[in-house]
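Just so it is clear, none of the values below were taken in a lab; they were calculated from the coordinates. Worth saying up front: this structure is predicted, and the values here are computed from it rather than measured. So basically every Cβ, Gly included, is an ideal-geometry build from the backbone, and we count neighbours across all protein chains shown.
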């Protein structure tokens, strides 16, 4: 039986791995601190149910319904995963307040 050959990682590789772990932890913490965190928690369940429904539609020869659900899922997933934006101020209220 031959011995395995191991390659020792260089210090630069270890540093890069640790930096990647730090970035991942920071992203996870930022996600936890988001104001819409309950939305993110529920989204996983909703997404799972929509995927199951889409598959059910495909199993029963309803590709049109499955495609619509998949498109809705893709668009909504993108919106949910974006950070919430600050609400825009209504210009009409500002203009009427000046008059």
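Could you tell me which of rounded, prolate or oblate describes segment 1-42, using a ≥ b ≥ c as the square roots of the eigenvalues of the alpha-carbon gyration tensor, with rounded for a/c under 1.5 and, failing that, prolate when a/b is larger than b/c and oblate otherwise? Oblate, since a/c reaches 1.5 and b/c is not below a/b.
The residue 48 and residue 5 beta-carbon pair, evaluated with R₀ = 41 Å, returns a calculated FRET efficiency of approximately 0.40.
For segment 36-82, rounded, prolate or oblate, judged on the Cα gyration tensor with a ≥ b ≥ c (square roots of eigenvalues), a/c < 1.5 rounded, else prolate if a/b > b/c? In terms of gyration-tensor shape, oblate. Applying 1/(1 + (r/R0)^6) with R0 = 25 Å to the Cβ-Cβ distance of residue 71 and residue 41 gives a FRET efficiency near 0.60.
Give, as ranges by residue number, the residues of segment 25-42 whose backbone N falls under 15 Å from the point 7 Å along Cα→Cβ of residue 81. It comes to 27-28, 31, 40-41, nothing else.
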